[in-house]
Each structure stands twice: as structure tokens, then as C-alpha cells.
Amino acid sequence: MDKNLIQRTISGLVYVAVIILCTTPLGAQLINKIHPDLIRQEYLYHGLITLLLLVGTWECVKIMKFGKGYEKWIVFPLVIFTYYVFSKRYFHHDFFFDFRLNEILAISLVAIAVVTLFKYSNELYFDIGKLIFTVIYVALPFSFALGLPKFSSFDGTFSLEVLFLFILIWSSDTFAYLTGKFFGKHKMAPKISPKKTWEGYVGGVVLTLVLSYFIEHYQPELRGNWMVVGFLVAAFAPLGDLVESQLKRNFGVKDSGNIIPGHGGVLDRLDSFLICVPVVYLYFILEKFI
């Protein structure tokens, strides 16, 4: 058997296991069986997101090849500060999906960063542009990710919004790939991602919506309407892949890293997540006003 396939399979299973343990009550339950009341589930989740933030920032710095100026040395402090500012209330779960102008503006910055990458990429060849892009592209989505699940310190409940968000992203990628492989003819972005087709995109949307129907039907305790969430994920997940592909293409990089053997780096695995999180977060806010 191909050693690379074995490596990819093992590292892929470990990656999925870590996601499940940190985004469901299962992780804390297993640890607390060894030592009762040692940890709460939200701490595992906060730890995972913070670790991914730090590794993702390091990978972005390597991809964009910062120079020797001051920008390279302040990128981590600025990312951590931004992450703290936009996520500090989630550590005590002070989050009620209320309308906060600074968060809406921050989500708008993510959209501006994406447009800059595709339309005004010359701006990213300056270290100050690289610094601003890294802070927006990495720090803001991970900050908003902390606000997606519901949890209670009183009874230890921890909801599954993030787990099902991952499942929808994985299903969207898988369905789009399979549909494109068998029926794909019209390239979506041949210069950026030659294997993506419009047929695959449509297949990913339709089949992800089918999965979303079952999530909505069997998980009524989740926030929002998951048919809507599924549509948003299927619509925007391919954009996340294109964003990271364009970023690597601009700087002549194949993979963002090798922390997940056979799969690349954190940004390679979470490219769709980084775009879907702000979109879903915005939906959960607006849903309160509809």
C-alpha cells in the first residue's frame, strides 16, 4: 500500500478526532473520567481555536515572506491583541448575537481583504499590506469562531454548532469534488484551482443542502435554520479554498505548512472555515432581527 496514502489516512483521522473531541462534550467527558472535574469543554474548544490561530498566523507569515522590517515583529502581538479584543467576551460566554457595529465592520474587513487579494494583490507585496491582511484573514475569523457554540458553566452543556459547521464544510468539499470529477466540464477558476468546476459547485450546494435538511430536522436545539447555514457554507466554502490557493499562488508556495502530514498546514485544512465562520456568524446576528 502507498505509504503516502497511509500517512494521509492516519493524520486525517487524528485531525478529525481532535476536532470532534474539542467541539463536542466528548472531550471533557473522557478527560474527566481520568480526573473528575478537571476541565470544562469550552476550555478545550478555546484552546483548540487559539492554537489554530497561532499556527495559522505563523503559516501566513511564511507564505507571504515578510521582509526584515518592523512588520514581521509586530504581526504576532497585533494578531493576539485583535483576537483578544474580538473574543474576550466569549471566554465568559457574554454573547447574545446582539448588533455590535465593530463586529459588522470587522466582517466587512474580511470581505475587503478577499477583494484585495484577487483585485489589488500588488498591495500585498508591501510588508504593511502583508501585516494588515494577516491580521484580518487569520485573527478575525478565529475570534468569531469562539462565539458560535452555546455553553453553560452551570450544567456543563456545550452545543454542537461548530462540529456541524465542520461537517457541512467537509461534505461540501467532498460532494463538489465527486460531482466535478464525474460531471465537471466548465472550469470555475482555471488559473487558480484547475480542478474546480461549476458542475461540482452546484453539486456541492445541492447535496450539502440535503445534509442540512437532516441536521435541521434531527438537531432542533442548534441556533438558526440549518438549511440556511448549509446553503451559506456550500456557497462560500469554495471561495475559502480559492482565497488560500490565490494567496499561495501569489507567493509561489505549494502548501501553507506540514503540521498535518500528507494534508499540509492549518491554513490548507481550514481555508473554507476561515471564510464560512464570518458568514455564519453574521447570519446568526441578522437572524435575531428577522
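The values are calculated or read from the model by the stated rules, or taken from the named source; none is laboratory data. Quantities reported herein were computed from a predicted structural model and do not represent experimental measurements. Counting neighbours? That spans all protein chains shown, and the Cβs are built from the backbone with ideal geometry, glycine included. Note: areas computed on protein heavy atoms with side chains; ligands, DNA, RNA excluded. Shrake-Rupley method; radii C 1.70, N 1.55, O 1.52, S 1.80 Å.
Filtering the stretch 19-72 to residues that are hydroxyl-bearing (S, T, Y) and over 19 Å from V253 (Cβ atoms) leaves T23, T24, Y43, Y45, T50, Y70. Can you say whether G56 is over 25 Å from F166 (Cβ atoms) and either of a type outside the set (A, V, I, L, M, F, W, C) or open to solvent by 20 Å² or more (accessible area, probe 1.4 Å) (or both), as far as the supplied structure shows? Taking the combined requirement at face value, the residue does not satisfy it. Criterion applied to L148, L117 was being touching a residue at least 40 places away in the same chain (Cβ under 8 Å), open to solvent by less than 10 Å² (accessible area, probe 1.4 Å) and touching an Asp or Glu at 6+ places or on another chain (Cβ under 6 Å), and the one residue passing it is L148.
Looking only at residues in the stretch 225-263 that are more than 18 Å from T134 (Cβ to Cβ) and at pLDDT below 90, the one that is surrounded by the most Cβ atoms within 10 Å (Cβ to Cβ) is I260.
What do you reckon, is I112 modelled with pLDDT under 95, open to solvent by less than 80 Å² (accessible area, probe 1.4 Å) and in a helix (DSSP H, G or I)? No; evaluated as a whole, the condition is false for this residue.
Annotation: of all residues in the stretch 206-224 being closer than 15 Å to W170 by Cβ and among the hydroxyl-bearing types (S, T, Y), the one that is surrounded by the fewest Cβ atoms within 10 Å (Cβ to Cβ) is S212. On inspection, V79 fails the criterion of being over 27 Å from K150 (Cβ atoms), surrounded by 16 or more Cβ atoms within 10 Å (Cβ to Cβ) and in contact (Cβ under 8 Å) with a residue 24 or more places away in the chain. Of all residues in the stretch 124-142, none are in a loop (DSSP other than H, G, I, E, B), farther than 18 Å from S245 by Cβ and touching a Phe, Trp or Tyr at 6+ places or on another chain (Cβ under 9 Å). Among the residues of the stretch 180-205, the one identified as free of Cβ contacts under 8 Å to residues at least 12 places away in the same chain and out of contact with any Lys or Arg (no Cβ under 9 Å at 6 or more places or on another chain) is F182. Against the numbered list (1) under 19 Å from the mean Cα position of the chain (by Cα); (2) at pLDDT below 90; (3) over 30 Å from G252 (Cβ atoms), G12 comes up short only at (3). Annotation: L168 fulfils all but one of (1) open to solvent by 20 Å² or more (accessible area, probe 1.4 Å); (2) under 17 Å from V277 (Cβ atoms); (3) in contact (Cβ under 8 Å) with a residue 12 or more places away in the chain; the unmet one is (1).
Pairs are defined by a Cβ separation below 9 Å, a sequence spacing of at least 6 or placement on different chains, a first member in the stretch 31-56 that is assigned to a helix (DSSP H, G or I), and a second member that is among the aromatic types (F, W, Y) and open to solvent by 40 Å² or more (accessible area, probe 1.4 Å); the pairs so defined are E42/F91; H46/F91; L54/F76.
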